[in-house]
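Student: Here it is: the structure, laid out below.
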Amino acid sequence: MSAQTDARAAAGRSGTAFGPLRALRLGAARIVYETRLYFRAGDTVFFTFLFPVVLLGIFSVAFDGLGNVGTNADGSGGISQAAYYLPGMIAAGILLSGVQNLGVDIAVERGDGTLKRLAGTPLPVLSYFIGKMGQVLVTSAAQVVLLLLLARFAFGVQLPADPQHWITFLWVYLLGIVTAAVLGIAISRLPRSGKSASAVIIPPLLILQFISGVYLSFALMPEWLQNIASVFPLKWIAQGMRAALLPESFASAEQGGDWNLVGVATALGIWLVAGLILCRVTFRWIRKDS
């Protein structure tokens, strides 16, 4: 009896030990599945993946006749329109890839019964979220690379040469995309049905892009509108991207007259924690053991 008991205990310990590994393995498989599914949906690819790329091209060409941005009084200096709009388009892409993509996608899956069917399978909740988050990271990273390549080789934008700017770019991107993905999961509960998901989620995000320094210069906004935009994460993602990609002279146009990277990290950190709490409170896997 003692030998049998020891064997059962060892088997239990083995099953427990391999549980997280199994969830990670299934999660990796879900990333591949979710990414393939993403690129098969033409409307999703255009409005979340290609939309910032198309807008960067349009703005760069349409406003090229206005000359460089931030030129000196003697007409020297400044940066091209493509260089000026690049940080905003990257920030918009982060918002679309995380908040809009996951918010609409999960709402649709809840509405068409996909979540209910998944709840009846052995798929761990962790694996489901690894798949969603992994898909966002893969597609968003590909989008950022495409934007940088377009800016550099199609419009001749001079990207930063020093490592410090790229370190800033990396941590703002990672903190921004994780925060956006978590918030996308959280707001997926807002639509009452999958059919209304796009109508409920997309318009507020579009307004947010206009007031957060993505399409219009943030310095041109009235102070009260700047204060409203400062409550939301997109303004801080865009500001962090400007700090990484624009010359130091452009910092004077920001609220407070500097890049305020501490404020960027703090604001995004607060939204990340708030998003995690909302996900924990609002997301339902239907299955009782979840």
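Student: Do you know which residues across segment 1-54 are modelled with pLDDT of 90 or more, open to solvent by 40 Å² or more (accessible area, probe 1.4 Å) and among the basic types (Lys, Arg)?
Tutor: ARG25, ARG36, ARG40
Student: Taking the criterion of being in contact with a helix residue (DSSP H, G or I) (Cβ under 9 Å, 6 or more places away or on another chain), of a type in the set (Ser, Thr, Tyr), within 21 Å of THR35 (Cα to Cα) and open to solvent by less than 40 Å² (accessible area, probe 1.4 Å), would at least one residue in segment 148-170 satisfy it?
Tutor: No, the conditions are met nowhere in segment 148-170.
Student: Taking SER127 as the residue in question, decide whether it is over 21 Å from GLU248 (Cα atoms), touching a helix residue (DSSP H, G or I) at 6+ places or on another chain (Cβ under 9 Å) and either modelled with pLDDT of 95 or more or surrounded by fewer than 19 Cβ atoms within 10 Å (Cβ to Cβ) (or both). If you could, list the steps in order and put the result at the bottom.
Tutor: Working: over 21 Å from GLU248 (Cα atoms): yes; touching a helix residue (DSSP H, G or I) at 6+ places or on another chain (Cβ under 9 Å): yes; either modelled with pLDDT of 95 or more or surrounded by fewer than 19 Cβ atoms within 10 Å (Cβ to Cβ) (or both): no.
No.
Student: Moving on to the next point. From GLY103, GLY70, GLY77, which residue is in contact with a Ser or Thr (Cβ under 6 Å, 6 or more places away or on another chain) and surrounded by fewer than 20 Cβ atoms within 10 Å (Cβ to Cβ)?
Tutor: GLY77
Student: OK, next. Within segment 184-204, which residues are open to solvent by 60 Å² or more (accessible area, probe 1.4 Å) and not in a helix (DSSP H, G or I)?
Tutor: Those that are open to solvent by 60 Å² or more (accessible area, probe 1.4 Å) and not in a helix (DSSP H, G or I): ARG189, LEU190, ARG192, LYS195.
Student: While we're on this one: Within segment 232-243, does at least one residue satisfy the condition of being in contact with a Pro (Cβ under 8 Å, 6 or more places away or on another chain), part of a helix (DSSP H, G or I) and of a type outside the set (Lys, Arg)?
Tutor: yes
Student: For the structure I just gave you, tell me whether LYS116 is in a helix (DSSP H, G or I), among the basic types (Lys, Arg) and under 21 Å from the mean Cα position of the chain (by Cα).
Tutor: In short, no.
Student: Let me ask you something else. Going residue by residue through segment 138-155, is there one that turns out to be modelled with pLDDT of 95 or more, under 19 Å from ALA244 (Cβ atoms) and assigned to a loop (DSSP other than H, G, I, E, B)?
Tutor: Checked segment 138-155: at least one residue is modelled with pLDDT of 95 or more, under 19 Å from ALA244 (Cβ atoms) and assigned to a loop (DSSP other than H, G, I, E, B).
Student: GLN100 passes all but one of (1) more than 26 Å from LEU26 (Cα to Cα); (2) touching a residue at least 24 places away in the same chain (Cβ under 8 Å); which number fails?
Tutor: Answer for GLN100: the failing condition is (1).
Student: If you don't mind, there's one more thing I want to ask. Scanning for something of a type in the set (Val, Ile, Thr) and part of a helix (DSSP H, G or I), does segment 65-84 turn up at least one residue? Full working, then the answer.
Tutor: In the first step, residues of segment 65-84 are kept if they are of a type in the set (Val, Ile, Thr); the result is 69, 71, 79.
With the extra rule that they be part of a helix (DSSP H, G or I), the set shrinks to none.
No: zero hits.
The values are calculated or read from the model by the stated rules, or taken from the named source; none is laboratory data. No experiment lies behind these values; they were computed from the predicted model shown. Reconstructed Cβ throughout: ideal geometry from the backbone, glycine too, with neighbour counts over all protein chains shown. Remember, those area values only see protein heavy atoms, side chains included, never the ligands or the DNA or RNA. Shrake-Rupley method; radii C 1.70, N 1.55, O 1.52, S 1.80 Å.
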